[in-house]
Amino acid sequence: SGGAGAGADGWVRAGLAELRARREELSGRIREEEEERGRLQGRLWALTQRLARTSESLARNLAARGELDRTIAETEAAYGKILESSQTLLDVLKGEIGNAGKASEPQSTSKEKEKQARGEKHS
């Protein structure tokens, strides 16, 4: 009966050794996964920082573009008004020049008529 006990003892020891080997294997996997998690967390932190910087830069650039869009629109509107005013001024000047020409024609015609009239009187 003592031999049976010794056999059981050997079996238990072998079983425990197998369990310890599995545990050691699992411990190795756990260490690897913890290291990988640490690397991933480091990359995640770096990416989060990059994301924040990029978002801030994007916000600044969008605001700057919006400001440029407003400036361009205001400048185009002002330039359009200047062109419109220039055209109006040109039209007024053309009109005045035309009127001045017409005004001088009747005067010379009336002077010629006066001369003719005087000439008729003299003859």
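A few comments on the model shown:
- For segment 13-52, diffusion coefficient by Stokes-Einstein and Kirkwood Rh (Cα), 25 °C, 0.890 mPa s, µm²/s: 202 µm²/s
- Solvent exposure of segment 15-70 amounts to 94 Å² per residue of accessible area, where only protein heavy atoms count and the probe is 1.4 Å.
- Karplus-based coupling profile of segment 38-54, in residue order and whole Hz: x, 4, 5, 5, x, 5, 4, 4, 4, 5, 4, 5, 4, 4, 5, 4, 5, with θ = phi - 60° in 6.51 cos²θ - 1.76 cosθ + 1.60 and x standing for Gly or Pro.
- In this structure, Arg39 and Ala64 have a Cβ-Cβ separation that, at R0 = 25 Å, corresponds to a calculated FRET efficiency of about 0.10.
- Put a dot 7 Å past the Cα of Thr71, heading toward its Cβ, do the same for Glu25, and the two dots end up 6.9 nm apart.
The values are calculated or read from the model by the stated rules, or taken from the named source; none is laboratory data. Note that the structure is predicted; figures quoted are calculated from it, not measured. For neighbour counting, all protein chains shown are included, and Cβ atoms are generated from backbone atoms with ideal geometry for every residue, glycine included. In case anyone asks, the SASA skips ligands and DNA or RNA and just uses the protein heavy atoms, side chains included. Shrake-Rupley method; radii C 1.70, N 1.55, O 1.52, S 1.80 Å.
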